[in-house]
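To start, the structure under review is shown below, and the notes come after it.
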Amino acid sequence: MKKILLIVLACCVSFYVASLILHLISLPDKVEMYISLIFLVLPIVIYFGVINLIIKKQNDNVSKCSEKIQQLTKLNEEYKFKKIKHKMHIIKEREYSRKSLDRVTGSSIVKYHLENDIDFLRTDIENAIYNINLLDDYNNDVNKIINKDSINNTKYSDKKFRKIENRVCNNIIHKKKEFIIKLKLEVYYKSNGGNVFDNRYGSGSFEQLVNCYNEWKKGNRYEETKKQERKIMNDDIRYNVLKRDNYTCQICGATVKDGVKLHVDHIIPVAKGGKTVMSNLQTLCERCNMGKSDKTDDDNDMICPKCGSKLVRRNGKYGSFIGCSGYPRCNYTRK
């Protein structure tokens, strides 16, 4: 309480003295006000800046001498907790009709992101589960170290040494809250003209994410991906694929002049994780498309883990290799 009062007093004095001096100099009112405000907060900035430097120096000095801190640091290296990239995942998903917006569920969207590991959602959940499962054994080993007495070889008193040591230990001991992931979800519908807009918001706790992850693992693979990727296909994408392929079947070479009906086909079927991207789409006539069904060539039954396009065999400086067909937008290669 005394520290707070002293800081407030220092701020008031600094502001008053600065205002008085600036008034004597006869500066414009706005300039005088801004400079006075700077002097008002200056004692706070100086105080906390100095305090942080002192705390850091104390922590470094005690860490060098404390056997307890050194043992905890070594313990953290032994357990090798996995890194969580994002503790808060934000999913923003677009639906292409108002009916679809009303029908879609948050769990189906989350499962789609899990299937494709979008923004490392699946990786983060798996790493969090792995880390939390280690915590019981880790905490047992931590308690064994914490309960030991420390020898004070510093210039600080025993009481201050223990206080600093406990502060450092508390900072480096891993806790469950470090691995808890949360989710924010926004699903929206926007008309092509932009005149109609509607959205839905939701959130998910770590327990809900884990339950959704377990449901996904037990369910059919790529179930949600199939729904989402088929929903993405629209007339604009169809036209661009047909135009790119010169309105010609990529298997038999038939065109509309031959009286065939042309389809846009996923080279790697959505049932096997294929994405609705230009590099994974081709023009087929109705007969070839029906015959192909959801089959793939052995060499092409590969999906880029970065962008979802087809992986193809390519020749490079050091020989042939498997690379993403979306190059140079995606430069993934398989070792």
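None of the figures in this text is laboratory data; all of them are computed from the coordinates on show. Keep in mind it's a predicted model, so treat the numbers as computed, not measured. Positions of Cβ are generated from backbone atoms using ideal geometry, with glycine treated the same way; all protein chains shown enter the neighbour counts.
Structure above, values below:
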{"item": "Proxy reagent accessibility, fewest Cβ within 10 Å first, across 82, 261", "result": "261, 82"}
{"item": "Debye equation applied to the C-alpha atoms of the stretch 107-196, log10 I(q)/I(0) at 0.14, 0.18 Å⁻¹", "result": "-0.73, -0.93"}
{"item": "The stretch 2-65, relative contact order in percent, only Cα pairs under 8 angstrom and at least six apart counted", "result": "39 percent"}
{"item": "Unsatisfied cross-links (Cα-Cα over 19 Å) in the set 85/272; 64/177; 57/155; 56/160; 227/261", "result": "85/272; 64/177; 227/261"}
{"item": "Candidate aspartates and glutamates for bridging to residue 99, where Cα separation is under 13 Å - those fewer than 8 sequence places away on the same chain excluded", "result": "198"}
{"item": "Normalised contact order of the chain, rounded percent, pairs of Cα under 8 Å and 6 or more residues apart", "result": "13 percent"}
{"item": "Distance violations [Cα-Cα > 26 Å] among 82/144; 74/217; 82/184; 82/310; 218/292", "result": "74/217; 82/310; 218/292"}
{"item": "Fewest-first ranking of 100, 19, 26, 309, using other Cβ atoms within 10 Å as the exposure measure", "result": "26, 100, 19, 309"}
{"item": "Largest-first ellipsoid semi-axes for the chain, taking √(5λ) over the Cα gyration tensor eigenvalues, angstrom", "result": "58, 32, 20"}
{"item": "Helix-only [θ]222 nm of the chain, DSSP H runs n ≥ 4, -39500 (n - 2.57) each, per residue, nearest 500", "result": "-17000 deg cm²/dmol"}
{"item": "Per-residue ³J(HN,Hα) for the stretch 204-218, Karplus 6.51 cos²θ - 1.76 cosθ + 1.60, θ = phi - 60°, Hz, x for Gly and Pro", "result": "x, 7, 5, 4, 5, 5, 5, 4, 5, 5, 5, 4, 5, 4, 7"}
{"item": "Per-residue HN-Hα couplings for the stretch 64-79 [Karplus 6.51, -1.76, 1.60; θ = phi - 60°; Hz; x = Gly/Pro]", "result": "5, 9, 7, 5, 5, 5, 5, 5, 5, 4, 5, 5, 4, 5, 5, 6"}
{"item": "Rounded to 10°, Cα long-axis angle of helix 223-232 versus longest principal axis of the chain", "result": "80 degrees"}
{"item": "Cα centroid separation, the stretch 1-71 to the stretch 74-106 (Å)", "result": "40 Å"}
{"item": "Contact order relative to length of the stretch 1-139, as percent, for alpha carbon pairs under 8 angstrom and 6 or more apart", "result": "20 percent"}
{"item": "Residues with amide H under 5 Å from that of residue 252, placed H, sequence gap 5 or more", "result": "285"}
